[in-house]
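Encoded as C-alpha cells, the structure appears first; notes follow it.
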Amino acid sequence: MRRKIIEKPPIEILKLFILLLLMGSVTVMLQAQSTALTKLKVQIAKEWPSINQGLSYETNLATIPELAQIKKNYNYFQQIEKALLAIDTTQFTKQEYLDYEIIYFETYLELEYLRLALSFRNNPN
C-alpha cells in the first residue's frame, strides 16, 4: 500500500515547523554565549504565536484581521526587522546564520502579507 504524498503542505504546518525549529535552536543556543540573535530568538518564540493569531495565507479575504490587529502585527514585525538589521552577522556560526536567515525570511513574508492586508482593509473595493 502506497502512502499518499502531500504535494504542498498547508502554511500552518510550515509555520509550526519553523517555530519548532526556532524553539529547538533557542534551547541549544541558550547553552552557548548570549548574543543579540539569541535574545531575539527567545523574544520571537515567546511572542510570535500570540501576535500571529488569525493570519492565514490559504483562507479567503473574509479572514483578514481587522485594521487595528493588522497595524499591531505590522508594528511588531517592523521592530523585528529593525532588530535583525542591527545585528552584526559577520561572526556567526553556520547554525546562527541559518537561524538568522529563517527569521529574516519569515519576517519579510509577514510584513508583505500585512502590507497587502492593510491595503485591502483601507480599500476593500
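The values are calculated or read from the model by the stated rules, or taken from the named source; none is laboratory data. These figures come from a predicted structure and were not determined experimentally. Quick reminder, even Gly has a Cβ in these numbers, built from the backbone with ideal geometry, and neighbours come from all protein chains shown.
If you check Leu114, Leu109 for being modelled with pLDDT of 90 or more and farther than 15 Å from Ile44 by Cβ, only one passes: Leu114. Thr59 satisfies every condition listed in (1) modelled with pLDDT under 90; (2) of a type in the set (Val, Ile, Thr); (3) in a helix (DSSP H, G or I) except (3). Here Glu112, Glu81 are screened, and the one residue that is over 25 Å from Thr38 (Cβ atoms) and under 14 Å from the mean Cα position of the chain (by Cα) is Glu112.
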